[in-house]
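Working notes, beginning with the structure itself.
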Amino acid sequence: MTALVQGASRGIGLGLVRALLANARVDRVIATCRKPEAAQELNDLHCDRLLIAPLDVTKTETIEQLVVQLKAEGTQLNLAINAAGILHSGDLMPEKKLEDLDSSALQQVFAVNTFGPILVFKALRPLMTRQGKAVMCAISARVGSISDNRLGGWYTYRASKAGLNQLLKTAAIELKRRNKNVIVAALHPGTTDTGLSRPFQSRVPEHKLFSVEQTTDYLLDVIDSLDEDDSGGFFAWDGQAIEW
């Protein structure tokens, strides 16, 4: 089994790489991130089963370069996970009201959370194995559910994840015709103790704040449980379907 994790330098992505390397069924893990040379914790995992490669979801040339490399190696993927995402960065923070909306922030967040993942999956689709089960999934968020939106706020993040969900659903419908064995899914990891959630953890009950290890175990269990009928679905860390 060969798995690829995008956004592997920290947080859930790094946790997924660790968990996959610890799984005896996984022969090879391809870990990608924007700046591999600066990803110390990822580089510390160095082993023969791990390939670390540069990939920036906002730069299509880096996506294409990786695919060329993997095709030349004859790589066939069983699992592709996008774990890259942005909620806050520097002065960029989730909006509390309409007046907080900013065009450049919208473009930045959508580039990473929405456009990037589907462009990666577009490029990886020819590499997905046609033998047995194959899964393409992305870390989404419950706040991307339109029907579950009861608090408002967080306009850009909510919309970027809702957009991602729509793109994944659409891809799943197409691949049921073109690659019937490929399952496409959006995954909600729950609130995980990472840099992404840290500024917002004060109101999270202790039992609902997961360690990275908990979250990665939950997500990999969900991925293992998916079958062809689940393709195009949106699932929480406990396997429960989430309304769109």
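Here are the numbers for the structure shown:
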{"read-out": "Test: residue in the stretch 56-69 that is under 21 Å from Asp224 (Cα atoms), more than 15 Å from the chain's Cα centre (by Cα) and touching a residue at least 12 places away in the same chain (Cβ under 8 Å)", "value": "no"}
{"read-out": "Single residue of the stretch 124-141 satisfying the filter (crowded, with 17+ Cβ neighbours inside 10 Å and in a helix (DSSP H, G or I)) that is nearest to the chain's Cα centre (by Cα)", "value": "Leu124"}
{"read-out": "Single condition Thr156 does not satisfy, out of (1) under 22 Å from Asp221 (Cα atoms); (2) crowded, with 20+ Cβ neighbours inside 10 Å", "value": "(1)"}
{"read-out": "Count - residues of the stretch 184-208 that are at pLDDT 70 or above and over 21 Å from Ser9 (Cα atoms)", "value": "2"}
{"read-out": "Some residue of the stretch 142-149 being assigned to a loop (DSSP other than H, G, I, E, B), of a type in the set (S, T, N, Q) and surrounded by fewer than 19 Cβ atoms within 10 Å (Cβ to Cβ)", "value": "yes"}
{"read-out": "Qualifying positions in the stretch 147-177 - within 14 Å of the chain's Cα centre (by Cα) and of a type in the set (S, T, N, Q)", "value": "Ser160, Asn165"}
{"read-out": "Scan of the stretch 49-101 for residues that are over 30 Å from Asp27 (Cβ atoms) and in a helix (DSSP H, G or I), ordered by number", "value": "Leu98, Glu99, Asp100"}
{"read-out": "Test: residue in the stretch 32-40 that is under 20 Å from the mean Cα position of the chain (by Cα), assigned to a loop (DSSP other than H, G, I, E, B), modelled with pLDDT under 95 and not basic (Lys, Arg)", "value": "yes"}
{"read-out": "Residue match in the stretch 33-40 (condition: polar (S, T, N, Q) and closer than 17 Å to Asn113 by Cα)", "value": "no"}
{"read-out": "The stretch 145-161: number of residues that are without any contact (Cβ under 8 Å) to a residue 24 or more places away in the chain and touching a helix residue (DSSP H, G or I) at 6+ places or on another chain (Cβ under 8 Å)", "value": "2"}
{"read-out": "Exclusive hit being touching a Leu at 6+ places or on another chain (Cβ under 7 Å) and acidic (Asp, Glu), set Glu95, Glu99", "value": "Glu95"}
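The values are calculated or read from the model by the stated rules, or taken from the named source; none is laboratory data. Given the structure is predicted, the values throughout are model-derived calculations rather than measurements. Positions of Cβ are backbone-derived with ideal geometry, glycine not excepted, and every protein chain shown enters the neighbour counts.
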